[in-house]
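Novice: Below: one structure in structure tokens.
The values are calculated or read from the model by the stated rules, or taken from the named source; none is laboratory data. These numbers were taken from a predicted model, which means no experiment stands behind them. Virtual Cβ from ideal backbone geometry, glycine too; neighbours counted across all protein chains shown. When the accessible area is computed, the model is the full protein with side chains, heavy atoms only, and any ligands, DNA or RNA have been set aside. Shrake-Rupley method; radii C 1.70, N 1.55, O 1.52, S 1.80 Å.
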Amino acid sequence: MLELTHARIGYGPVTVVGDLNLTVGDGESVFLIGPNGAGKSTTLRGISGLNGLQAGTMTWDGQDITHLPASRRAARGIAVVPEGRHVFTQLTVQENLEVAARAVNRAAVRERIDEVFDLFPRLRERQHSFGGLLSGGEQQMLAIGRALAQRPRLLIIDELSLGLAPVIYQHVGETVRELAAGGLSVLLVEQNARLAMRICSRGYLLAHGEVVLAGTVEELERTDEMRDLYLGGLGKVG
Amino acid sequence: MLLLAGGLVTGSIYALVAAGYAVLYTATGFVNFALGAQAMVAGYLTYVWFDTLPVMLRIVIALAGSVVLSVLSWVLIYRRVAEKDILAAVIMSFGFSIVLAEVVQLAAGGIPRPARSPAGTEAHTLGPLSISSHSVTVLVVSAILFTLLGLALSSRGGLAIRAMFQDKEMAETIGIPTNRVTLWLFAVSGIFAAAAGILAAPILSLSPHMGTRLALIAFVGAVLGGLGTIRSAIAGSVLLGLLEAFFAGYISADWRATLVFGVFIVVLVAKPTGVLGRVAAVKV
Ligand SMILES: Nc1ncnc2c1ncn2[C@@H]1O[C@H](COP(=O)(O)OP(=O)(O)O)[C@@H](O)[C@H]1O
Ligand SMILES: [Mg+2]
């Protein structure tokens, strides 16, 4: 469904990700893991269109979207939860959802917001609060809810668990796992390898802007790199 | 009372330009100093250049001219520069305002032109207060424009613009065409600048360089309130108009320009985000 071929991504003249080949199939959930500064967020900015590709191509359902502006990708079904959540702090929870829902399609806005509230009842309780007054966990739910209010086909999440208490990210992670199991495609950047491997079926290990390992969860679990770096004593315990 | 009314009238005119600044600044981080010169051009379009046409038509021409100047100057001059270096773009807008002033001076001469208010000049007395039709028009028109702007921003469609004011990249990511919205905001700022010029000309004198002064005073007013929030920029400018009127009335009319820039320096030193900035940021 999503396919990056020889993609080079960076900022202005600076290249961060050199030559990336990455695919996410229809209904597939894929994670991206790697040390700080590896280029994970930069990769996602390339996919969402905030950073244009310096080289290479990107296709979506076989169509070339390499030069499609970021604002037109949401309507194609690509929704993003960025690092740091970026909820609209001075809009209420319900306005955060509404603005995203309306931006892709004027129809059935109310229904889509209600779907999000059913998924995260906590957001319904706080629907009239400003986004900036929510706790970190609530903001993450809102950022994910905002993406889901667009009824995407691919949900991209950058750092699901970062800064959240385990009980919170386990809960949010479980919701994402259920969505993925229900057929939504997911591309997840996550430092907590156990969490990532529970949600996704396949993954990439990125370092210095290059893919150093790729494979299914079963394959990756058996590699020394993943064991040493992420699943051993040094990794966070999920 | 007279000072209060006079201060509100000039303050409202500053506030129209300040609203134009704030609309653009919140969306792009760019301060368009040429808004003052656009106001001046709108004044010439209304009062000097088409004086055989009916006044309503001249006003429409002035509004349209200012909108075109606003949008085209962004697309053709500032946009590319602003992406790399916003300060360079701000300085360019200052340069563009000087160009506009020089062009008008070549076309119409440097001497101030009389501008007769379409609203007439007769005075109305309201108890102890005597106020001209034009002053009433200034207050009513600016109140209407501010209300319309407020209503537009708090509407369903305005939600997307408020989202964009807060986080442009995120707005783009959820599918808001921020470049196109920015063009609309430049058009809106053009309307506000033109309204300021049309309303100011009968009060201040209409001359090629009136725009520069208007641009600077409105900027001081906007910074006094807080440039990052539209309503504080408006409130700050009205406040500055009042300060200026009372200062001129009680202390010295000759030193009012000094007052304005004295206020500017004090604000910049004391609180760069504006005195009303913090309160307003929580309320929006
Ligand atoms: N706005 C930017 N301009 C230039 N370089 C950047 C910018 N943002 C990030 N980088 C660089 O890109 C590299 C990768 O960053 P990032 O993609 O955020 O990594 P990760 O998400 O894997 O931690 C880092 O070396 C960082 O310094
Ligand atoms: Mg990152």
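Novice: Read through the list (1) open to solvent by 50 Å² or more (accessible area, probe 1.4 Å); (2) farther than 16 Å from B:PHE192 by Cα, then give the number of the only condition that B:THR28 fails.
Specialist: Tallying (1) open to solvent by 50 Å² or more (accessible area, probe 1.4 Å); (2) farther than 16 Å from B:PHE192 by Cα, B:THR28 fails exactly one: (1).
Novice: Hey, another quick one. Which of (1) within 16 Å of ligand 2 (Cβ to nearest atom); (2) of a type in the set (A, V, I, L, M); (3) open to solvent by 10 Å² or more (accessible area, probe 1.4 Å) is the odd one out, the single condition A:LEU133 does not satisfy?
Specialist: (1)
Novice: When you scan the range A:18-34, do you find a residue that is near ligand 2 (Cβ under 10 Å from one of its atoms), open to solvent by less than 60 Å² (accessible area, probe 1.4 Å) and either under 23 Å from A:LEU220 (Cα atoms) or away from every other protein chain (no Cβ under 14 Å) (or both), even just one?
Specialist: Our first condition is that a residue be near ligand 2 (Cβ under 10 Å from one of its atoms); within the range A:18-34, this holds for A:32, A:34.
So of that shortlist, the ones also open to solvent by less than 60 Å² (accessible area, probe 1.4 Å) come out as A:32, A:34.
This time we only want the ones that are either under 23 Å from A:LEU220 (Cα atoms) or away from every other protein chain (no Cβ under 14 Å) (or both), so: A:32, A:34.
Yes, the range A:18-34 contains a residue that is near ligand 2 (Cβ under 10 Å from one of its atoms), open to solvent by less than 60 Å² (accessible area, probe 1.4 Å) and either under 23 Å from A:LEU220 (Cα atoms) or away from every other protein chain (no Cβ under 14 Å) (or both).
Novice: Sticking with this structure for a sec: Taking interchain pairs and intrachain pairs at least six residues apart, which have beta carbon atoms under 8 angstrom, with the first residue in the range A:71-90 and over 18 Å from A:ARG106 (Cβ atoms) and more than 7 Å from chain B (Cβ to nearest Cβ) and the second open to solvent by less than 50 Å² (accessible area, probe 1.4 Å) and basic (Lys, Arg)?
Specialist: Qualifying pairs under 8 Å: A:VAL81/A:ARG146; A:VAL87/A:ARG146.
Novice: On the given criteria, is A:THR57 farther than 24 Å from A:LEU160 by Cα, more than 10 Å from ligand 1 (Cβ to nearest atom) and of a type in the set (S, T, N, Q)? Before the answer, list the steps.
Specialist: Numbers: farther than 24 Å from A:LEU160 by Cα: yes; more than 10 Å from ligand 1 (Cβ to nearest atom): yes; of a type in the set (S, T, N, Q): yes.
Judged against the criteria, A:THR57 is a match.
Novice: Please give the helices (runs of 4 or more DSSP H) falling wholly within the range B:178-284 in which 2 or more residues are modelled with pLDDT under 80. Let's see the steps before the verdict.
Specialist: On the way: elements: B:178-200, B:210-225, B:230-250, B:256-270, B:277-283.
The qualifying helices (runs of 4 or more DSSP H) are B:230-250, B:256-270, B:277-283.
Novice: Does the range A:52-69 include one or more residues that are facing another protein chain (nearest Cβ under 9 Å), touching a residue at least 24 places away in the same chain (Cβ under 8 Å) and within 18 Å of A:ARG153 (Cα to Cα)? Walk me through how you get there before you give the answer.
Specialist: Start the filter on the range A:52-69 by keeping residues that are facing another protein chain (nearest Cβ under 9 Å), which leaves A:69.
Narrowing the set further to residues that are touching a residue at least 24 places away in the same chain (Cβ under 8 Å) leaves none.
Among the residues of the range A:52-69, not one is facing another protein chain (nearest Cβ under 9 Å), touching a residue at least 24 places away in the same chain (Cβ under 8 Å) and within 18 Å of A:ARG153 (Cα to Cα), which makes the answer no.
Novice: Name the residues in the range A:3-44 that are farther than 17 Å from A:LEU187 by Cα and without any contact (Cβ under 8 Å) to a residue 60 or more places away in the chain, would you?
Specialist: Listed by number, the residues that qualify are A:HIS6, A:ARG8, A:ILE9, A:GLY10, A:TYR11, A:GLY12, A:PRO13, A:VAL14, A:ASN36, A:GLY37.
The rows are residues; the columns are (1) touching a residue at least 60 places away in the same chain (Cβ under 8 Å); (2) open to solvent by 30 Å² or more (accessible area, probe 1.4 Å); (3) in contact with a Lys or Arg (Cβ under 6 Å, 6 or more places away or on another chain).
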{"residue": "B:ILE86", "(1), (2), (3)": "no, yes, no"}
{"residue": "B:VAL90", "(1), (2), (3)": "yes, no, no"}
{"residue": "B:PRO128", "(1), (2), (3)": "yes, yes, no"}
{"residue": "B:THR147", "(1), (2), (3)": "no, yes, no"}
{"residue": "B:ARG156", "(1), (2), (3)": "no, yes, no"}
{"residue": "B:THR173", "(1), (2), (3)": "no, no, no"}
{"residue": "B:PRO177", "(1), (2), (3)": "no, yes, no"}
{"residue": "B:THR182", "(1), (2), (3)": "yes, no, no"}
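Novice: Continuing with this model, one more query. So if I check each of A:GLN150, A:GLN170, A:GLN139, which one is outside any loop (DSSP other than H, G, I, E, B), polar (S, T, N, Q) and under 15 Å from the mean Cα position of the chain (by Cα)? Working first, answer last.
Specialist: On the way: A:GLN150 fails: outside any loop (DSSP other than H, G, I, E, B); A:GLN170 fails: under 15 Å from the mean Cα position of the chain (by Cα).
Answer to the check: A:GLN139.
Novice: Report, ordered by the first and then the second residue, all pairs with beta carbons closer than 6 Å, sequence separation of six or more or different chains, a first member in the range A:133-159 that is within 16 Å of ligand 1 (Cβ to nearest atom), and a second member that is in a helix (DSSP H, G or I).
Specialist: Filtered contacts from the range A:133-159: A:ILE156/A:LEU44; A:ASP158/A:SER41; A:ASP158/A:LEU44.
Novice: With (1) away from ligand 1 (no atom under 11 Å from the Cβ); (2) free of Cβ contacts under 8 Å to residues at least 24 places away in the same chain; (3) at the interface with chain B (Cβ under 10 Å from one of its Cβ atoms) as the list, and A:ASN96 as the residue in question, which single condition is left unmet?
Specialist: Only one criterion in (1) away from ligand 1 (no atom under 11 Å from the Cβ); (2) free of Cβ contacts under 8 Å to residues at least 24 places away in the same chain; (3) at the interface with chain B (Cβ under 10 Å from one of its Cβ atoms) is unmet by A:ASN96, namely (2).
Novice: Please specify each residue of the range A:53-87 satisfying the condition of being more than 16 Å from ligand 2 (Cβ to nearest atom) and open to solvent by 50 Å² or more (accessible area, probe 1.4 Å). Steps first, answer last, please.
Specialist: Step one: of the range A:53-87, the residues more than 16 Å from ligand 2 (Cβ to nearest atom) are A:53-79, A:87.
Correct list: A:GLN54, A:THR57, A:ASP61, A:GLY62, A:GLN63, A:ASP64, A:HIS67, A:PRO69, A:ARG72, A:ALA75, A:ARG76.
Novice: Taking the range A:90-114 only, how many residues are of a type outside the set (D, E, K, R), more than 20 Å from the chain's Cα centre (by Cα), closer than 14 Å to B:MET164 by Cβ and open to solvent by 30 Å² or more (accessible area, probe 1.4 Å)?
Specialist: 1
Novice: Right, here's the next one. Which one is nearest to ligand 1 (Cβ to nearest atom), of the residues in the range A:2-14 that are touching a strand residue (DSSP E or B) at 6+ places or on another chain (Cβ under 6 Å) and not charged (D, E, K, R)? Break it down stepwise before answering.
Specialist: Initially, the range A:2-14 is screened for residues touching a strand residue (DSSP E or B) at 6+ places or on another chain (Cβ under 6 Å), giving A:2-10.
Next cut, not charged (D, E, K, R) only: A:2, A:4-7, A:9-10.
On the way: A:LEU2: 18, A:LEU4: 15, A:THR5: 20, A:HIS6: 18, A:ALA7: 13, A:ILE9: 9, A:GLY10: 7 Å.
Among residues in the range A:2-14 that are touching a strand residue (DSSP E or B) at 6+ places or on another chain (Cβ under 6 Å) and not charged (D, E, K, R), the one nearest to ligand 1 (Cβ to nearest atom) is A:GLY10.
Novice: Among the listed residues A:ALA38, A:ALA70, A:ALA108, identify the single one that is small (Gly, Ala, Ser) and away from ligand 1 (no atom under 16 Å from the Cβ). I'd like the intermediate steps shown before the answer.
Specialist: Numbers: A:ALA38 fails: away from ligand 1 (no atom under 16 Å from the Cβ); A:ALA70 fails: away from ligand 1 (no atom under 16 Å from the Cβ).
After ruling out the rest, the residue left standing is A:ALA108.
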